[in-house]
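One structure is given below, encoded as structure tokens.
The values are calculated or read from the model by the stated rules, or taken from the named source; none is laboratory data. Just so we're clear, the structure is a prediction, and the values are computed from it rather than from any experiment. Counting neighbours? That spans all protein chains shown, and the Cβs are built from the backbone with ideal geometry, glycine included. Heavy atoms of the whole protein, side chains included, go into the accessibility calculation; ligands, DNA and RNA do not. Shrake-Rupley method; radii C 1.70, N 1.55, O 1.52, S 1.80 Å.
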Amino acid sequence: MQRAISVFCAVVLTALSLLPPAAVAQGGAVDPDHGVVAVARELRGLGSVKRALVIGAHPDDEDTALLTVLERGLGADAAYLSLSRGEGGQNLIGPELGIGLGILRTEELMAARRLDGADQFFTRAYDFGYSKSADETFRYWPRDSLLADVVYIVRRFRPQVIVSIFSGTRRDGHGQHQVAGIIAREAFYAAGDPQRFPEQLDAGLEPWAPQKLYRSTRFDTASATLTVETGALDLLYGRSYHQIAMAGRSQHRSQDMGRIEALGPRRTTMELVESRSDVMKTDESSLFEGIDTTLIGMLPAIRDRTTRALLAELLTGYEAHLRDARAALGRSTPSDLVAHLGLALATLREAIEVTSAPGGESGFLRFALAVDEAKLETAIAEGAGVIVEAFADDDLVVPGQQLSVEVQVWNGGGRPVDIESISLATPAGWGVEPLDAGTAQVGAASLARLRFRLTVPDSAKPTRPYFLRTPVDGGVYVWPFASEERGRARSAPVVEAEVDVSIAGQIIGRKAEVVFRFADQARGEVRRPLYVVPALGVSVVPGVAILPLGRAEGLSFRVALRSEAVPGMDGRLYMEAPDGWSVEPAAAQFQVGAPGSTATYDFRVSPPDDVAAGAHVLTAVALTADGRRYTSGYSIIDYEHVRRNVLFHESEARIEALDVAVDTGLRVAYVPGAGDAVAEAIASLDVAVEVLNEDAIAAGDLSAYDVIVLGIRAYETNDALVASNGRYLEWVREGGTLIVQYQQYRYFRGAFAPYPLEARRPHDRVTDETAPVTVLAPDHALFTRPNVIGSDDFSGWVQERGLYFASVWDERYQPLLEMADPGEDAKRGGVLVARLGDGVYVYTGLSLFRQLPAGVPGAYRLLANLLSLH
């Protein structure tokens, strides 16, 4: 296989100077999906059928190198099915957790797929956090529903080969990993059974029985039956598949997955688990060994002899045209190449018509031909230098707004191109008005433009991803089952340009998402997708606040308004509070200007004297002069390496009234880690807290503080802290209290603690948020002052108790809590306290970073006692 690819690449090299300059992506880098590279890539796979589906549990579980070899090397059709979007993890680069993190990790997967070329799918599963068993995972992810989702993707994508990343046994570790392995194997059998999930067949799918099931042996190489070379250099891309894959892995920035793009041989190994083909494990030399991947090989399924003979003739001719196209690539003019591709497409379309006629029924052959048709259309357009793009004059649009869109058709080739049609696909109810008569032809090396005016209806809903249009139900998203978006990574674009052009005697369809673009003086061209948002966004900060019972003062809230309306908006802003609560001011007159303008307003909320412990909800309401009421806002998830997203929320704040006290007069410093909101939680206790910047961490006067709290994973993310760790320990010796929240292995390896600490691999953790907690030293100050901590303080925790507990520690540390997941040995390394000189050193793996933003009362009481240790 590798020699064939190398020869093919050598043929392509001279083509770079022959084809039009269409292979330059935004930002100036060579784009593997355009120009000669795109043509060559499509030609690698045309005329054969190789389809593989990789199944894992989370973003970052996939075998990226295998996907790259399949897509970029073999020209196969590969996809990764992640059961979840990774909502239960942590975020190294920003504040997003939960659903927001799921959106970010989805986009990181899409950024990786952009490099390796594979497709991306998901199930309804919501990542509820680390799990230690398949049984626990199935309590959150209903087994039959999860299997139905995987079977749906298998029947839709129709892979001959499934590769399960996990074994489905306890050796997979994470319970969600185990479930991914179990479900992959069950789906291998269920997808081909017409008695399983017949509603999918009623919706138009067909049973599909994959030929082979593999299991990745990345952690068990001794059982491998197949080795795939992933480190080979591909001359077409100028990089090895491993290098491309590692560039893809590095897109998972929220998960600290940055990788070296190393040179040299690399391998992926797998074990053949099940096979419907005749191949034996010892006979394998490739993933598709024993599978007939030719189009002609599907003809025996055609019952009618005459039809079968006609299809054989057409497919033989099709293969001949593809051979001519491959020979022309790099050896003749672009027009000759395109002519051969055009003949191939014409022949292919004849074959498609035959399979659609009576006697030609063959679902998979028709499916395979349609896949080739789409690839050929891409190859012809790229070979001819025809590029379609579409640009709007705004990205955040509101109901009632008019939007200008320009569709551009660039003919970068040497021959005129006829335009058959140009249209815009919009949501139902949008008005579309062409502003130009258009053109029937685009001359060689010319650019055609056609403008449209869009009108967003007053009834337009905000652009929510399809999986968020209904609230999450326990551990699963609620999907619109009749939608083609089901299982996809994203919703369909809000507006899409659809252009039909005539090239080489064939109608070629091209689509382009309508985007907004602008020039950033530092970054260059920036493109953003369209979103429908409220004309006035209303957000409340903080979204969760605590109210110590008996507190004399009220709570402060800031309401932020963002206008996207022209020319702006004005009206009355107020907060709806529970009975007996008072709000000052009672209302504020607001005015916000042109689109993008913001304004903030402060309110003071005071409870009644007899306020009860528990949750109390406030709602900020903006009432405009024309009588419209706005009670929702949105946040923007925007990082340079991924597509921009908008996440909507209600304009509500929850006040958690609780009995909590903290020592007065404390001066606290916070050293940031990997994006948590603990500093804000400390401030909500009426404690003066200063978040230290890099200079202050490295050289600031630590004597100004009584307590210093280190953010989660601070020793990973904060080099200034690593470099100056010694002075923090010296500060403790002089009487300070240092609270170290959970850290990963760099902390334990680096001996940053004053006395030896160790953590197991994998680390000790307690994932059951309801696991019983035993206080080991009831008289210790952590449990007696200023709050008396009891069992109720460990009720209502979310997702987990904690992680990265110490497993071995010096005798000078005192363990204070004991807890364990069901069926496991007790773990005591969750809170360790040691005297160091005149001060106190604390290491805690308790997941306060999750509990505090969720408003868990016991977590605040425990935090207050930690801050008050001395």
Exercise for the section: Could you tell me the distance between the Cα centroids of region 407-436 and region 662-737, to the nearest Å? Expected result: 57 Å
Handout entry: Loop-located trypsin sites (Lys or Arg not before Pro) in region 507-573 whose Cβ has at most 16 other Cβ within 10 Å (DSSP)
Key = 523, 551
Fill in the blank from the handout: Ignoring ligands and nucleic acids, residue 569 exposes an accessible area, probe 1.4 Å, in Å² to the nearest 10, of 30 Å²
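What does the convex hull of the Cα atoms of region 161-248 come to per residue, in Å³, rounded to a whole number? Please report the intermediate quantities before stating the final value.
Working: hull volume 14.3 nm³, N = 88.
It is 162 Å³ per residue.
How large is the Kirkwood hydrodynamic radius of region 574-617, counting all unique pairs of alpha carbons, in Å?
On the way: mean 1/r = 0.0793 Å⁻¹.
Computed over region 574-617, the radius equals 12.6 Å.
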Exercise for the section: Return the Cα extents of the chain along principal axes one, two and three, sorted largest first, each rounded to a whole Å. Expected result: 89, 70, 54
Fill in the blank from the handout: Reported to the nearest 10 Å², residue 870 has, with a 1.4 Å probe, an accessible area equal to 140 Å²
Exercise for the section: Could you give log10 I(q)/I(0) at q = 0.11 Å⁻¹ for region 417-536, computed by the Debye formula over C-alpha point scatterers of equal weight, without solvent? Expected result: -0.55
Practice task
With only alpha-carbon atoms counted, please give the Rg and Dmax of region 606-673, in Å.
Solution key: 18.9, 51
Exercise for the section: Using only C-alpha atoms and all pairs of different ones, pull out the Kirkwood radius for region 45-103 in Å with one decimal. Expected result: 13.0 Å
Exercise for the section: Over all alpha-carbon pairs of region 416-458, lay out the pair-distance distribution in 10 Å bins, whole %, shortest bin first. Expected result: 25, 43, 24, 8, 0
Handout entry: Residues residue 722 and residue 638, FRET efficiency given R0 of 30 Å [Cβ-Cβ distance, rounded to 0.05]
Key = 0.55
Problem - Where only alpha carbons of region 624-712 are counted, the Rg and the Dmax (Å) - result: 18.7, 56
Exercise for the section: Work out, in µm²/s and without decimals, the Stokes-Einstein translational diffusion coefficient of region 196-305 at 25 °C, 0.890 mPa s, Rh from Kirkwood over C-alpha pairs. Expected result: 140 µm²/s
Exercise for the section: Compute the whole-percent fraction of alpha carbon pairs in region 310-444 spaced more than 26 Å apart. Expected result: 45 percent
Practice task
Report the calculated FRET efficiency for residue 261 and residue 484 (r = Cβ-Cβ distance, R0 = 35 Å), to the nearest 0.05.
Solution key: 0.45
Fill in the blank from the handout: Listed by chain and number, the residues whose amide H is under 5 Å from that of residue 515, excluding neighbours fewer than 5 places away on the same chain and using placed H, are 390, 391, 392
Exercise for the section: Under a cut-off of 17 Å between alpha-carbon atoms, report the lysines in cross-link reach of residue 212, not counting same-chain residues fewer than 8 places apart. Expected result: 50, 281
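For the chain, which whole-number percentage of the solvent-accessible area (1.4 Å probe, protein heavy atoms only) is attributable to carbon and sulfur atoms? Mind dumping the intermediate values first?
On the way: 17400 of 34850 Å².
The nonpolar share, carbon plus sulfur, comes to 50 percent.
Which GluC sites (Glu not before Pro) from region 511-565 combine a DSSP loop assignment with at most 10 other Cβ atoms within 10 Å? Intermediate results must be reported in sequence, preceding the final value.
Values: sites: 513, 525, 553, 564; in loops: 553, 564.
Here the GluC sites (Glu not before Pro) that fit, given the DSSP loop and packing criteria, are 553.
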Fill in the blank from the handout: Taking max minus min of the Cα coordinates of region 264-319 on each principal axis, largest first, gives extents in Å of 48, 29, 13
Fill in the blank from the handout: For residue 387, the accessible surface traced by a 1.4 Å probe with all protein chains present amounts, in square angstrom to the nearest 10, to 30 Å²
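In deg cm²/dmol, rounded to 500, what helix-only [θ] at 222 nm does the chain give when every DSSP H run of at least 4 residues adds -39500 (n - 2.57) and the total is split over its residues? Could the numbers behind the result be given before it?
Numbers: 21 runs with 221 residues, N = 870.
So the helix-based figure for the chain works out to -7500 deg cm²/dmol.
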Handout entry: Modelled FRET efficiency - R0 25 Å, residue 209 with residue 294, Cβ distances, 0.05 increments
Key = 0.85
Practice task
State which stretch of the chain is the longest one without any exposed chymotrypsin sites (Phe, Trp or Tyr not before Pro), exposure meaning a DSSP loop state and at most 12 other Cβ atoms within 10 Å.
Solution key: 482-870
Exercise for the section: Could you please state, rounded to a whole Å, how far the C-alpha centre of region 73-143 is from the C-alpha centre of region 593-631? Expected result: 35 Å
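Give the average over all directions of the projected area of the C-alpha convex hull of region 768-865, one decimal, in nm².
6.3 nm²
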Handout entry: Inter-site label distance for residue 440 and residue 798 at 7 Å from Cα along Cβ, in nm
Key = 6.3 nm
Completion exercise
In Å², rounded to a whole number, the accessible area per residue of the chain with probe 1.4 Å is 40 Å²
Problem - Net lengthening on full extension, residue 374/residue 428 (0.36 nm per residue, minus Cα-Cα) - result: 16.8 nm
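Exactly which GluC sites (Glu not before Pro) in region 727-814 are in a DSSP loop and have at most 14 other Cβ atoms within 10 Å?
On the way: sites: 730, 734, 758, 769, 800, 811; in loops: 734, 769, 800, 811.
Taking region 727-814 and a limit of 14 other Cβ atoms within 10 Å, the loop GluC sites (Glu not before Pro) found are 734, 811.
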Exercise for the section: Compute from the Cα atoms of region 24-142 the Rg and the Dmax, the latter being the longest Cα-Cα distance, and quote both in angstrom. Expected result: 16.7, 50
